[in-house]
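For reference, the structure is listed below as structure tokens.
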Amino acid sequence: ADRQYYGFLAAESLGRKPALNDQSARPDDEVINAMQQRPAMQRLSELYAVGDRANARREWAMLLPNLEQSDRAAAAYVIADLGWIDLGIMAANAAELRDDLSLRFPSPYTSTFVKESRASSVPVSFLYGVARQESAFAPKAQSSAGALGLMQLMPATAAATARNAGEPMPVTAALFDPAVN
């Protein structure tokens, strides 16, 4: 009955579907609208819209400590509604929305993941799991070690993989494109 490793093993052993206990925690529209009207959230939204994610993240970092726990859920939904997937995941975690699986585990870039799953015979769920863990689906993610993009590929690994697949070697900047990464 619990969404955890041993619960899943027990369900498999019993031939039952595991209990995911998925429950949306989306607040009422008026709560969402009130969050959208906060000056910091308006600045964050505008900065995100013009592609200035660094300053939008700064707004989030300043806003988060000033939010009550109940307001954090609304903020997570506002961010997710903007389409900012990686910050939406982090905001859902900050709001402790453990059972809101669609917010915490979105499925972006579906056609790309399905296409690459078919081409590689790697299960689409595995590809999603790697991208969720490595970058939280941030296409412009960069690690301190130099890994890039959704799947956090090192440029040398991307070049070797392309060579093995008979594909042209991607330029480093192309690794920020989800379809290439």
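The values are calculated or read from the model by the stated rules, or taken from the named source; none is laboratory data. As the structure is a computational prediction, the values presented were derived from the model and not from experiment. Note that each Cβ is placed from the backbone with ideal geometry, even for glycine, and that neighbours are counted across all protein chains shown. Ligands, DNA and RNA are excluded from the accessible area calculation, which covers all protein heavy atoms including side chains. Shrake-Rupley method; radii C 1.70, N 1.55, O 1.52, S 1.80 Å.
Okay, here's what the table says:
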read-out: Table column - 3J(HN,Hα) (Hz), region 97-109, Karplus curve with 6.51, -1.76, 1.60, x for Gly and Pro; value: 8, 4, 9, 8, 5, 5, 6, 7, 10, x, 10, x, 6
read-out: Burial order of peptide ranges 68-75, 137-144, 167-174 (average beta-carbon count within 10 Å, highest first); value: 68-75, 137-144, 167-174
read-out: In order through region 154-168: 3J(HN,Hα) via Karplus (6.51 cos²θ - 1.76 cosθ + 1.60), integer Hz, x for Gly, Pro; value: 6, x, 5, 5, 4, 5, 5, 5, 4, 4, 5, 8, x, 9, x
read-out: Extension gain, A145 back to V171 (0.36 nm per residue minus Cα-Cα distance, nm); value: 7.6 nm
read-out: Mean Cα-pair separation over length for the chain, i.e. relative contact order, pairs under 8 Å, 6 or more apart, %; value: 13
read-out: The chain - percent of accessible surface contributed by carbon and sulfur, probe 1.4 Å; value: 54
read-out: Stokes-Einstein D (µm²/s) once Rh is taken as the Kirkwood radius of the chain over alpha-carbon pairs, at 10 °C in 1.306 mPa s; value: 87
read-out: Chain lengthening between A25 and A156 when straightened (0.36 nm per residue, less Cα-Cα); value: 42.9 nm
read-out: Whole-Hz ³J(HN,Hα) from phi, Karplus 6.51 cos²θ - 1.76 cosθ + 1.60, for region 133-150, glycine and proline x; value: 6, 7, 9, 6, 6, 8, x, 9, 4, 9, 8, 5, 7, x, 6, 10, x, 3
read-out: Magnitude of the charge dipole, region 1-73, Cβ model with Lys/Arg +1 and Asp/Glu -1, debye to 20; value: 280
read-out: Spacing of the two label points (7 Å from each Cα toward its C-beta) at V124 and N66, in nm; value: 4.2
read-out: Two-decimal Rg/Rh across region 138-181, once Rg and the Kirkwood Rh are taken from alpha-carbon atoms; value: 0.94
read-out: Gap separating the Cα centres of region 157-181 and region 92-140, nearest whole Å; value: 20
read-out: Unit charges on C-beta of K, R, D, E only; dipole of the chain, Debye; value: 500
read-out: Net lengthening on full extension, Q42/T110 (0.36 nm per residue, minus Cα-Cα); value: 21.6 nm
read-out: Distance (nanometres) between label positions extended 7 Å along Cα→Cβ at A179 and N93; value: 3.0
read-out: Max mean-square fluctuation residue, GNM over the chain, Cα-Cα springs under 10 Å, options L14, L67, L82; value: L14
read-out: Where the chain is the region considered: accessible area per residue in Å², 1.4 Å probe; value: 60
read-out: For S102, net neighbour charge (Lys/Arg +1, Asp/Glu -1) across residues whose Cβ lies under 12 Å away; value: -1
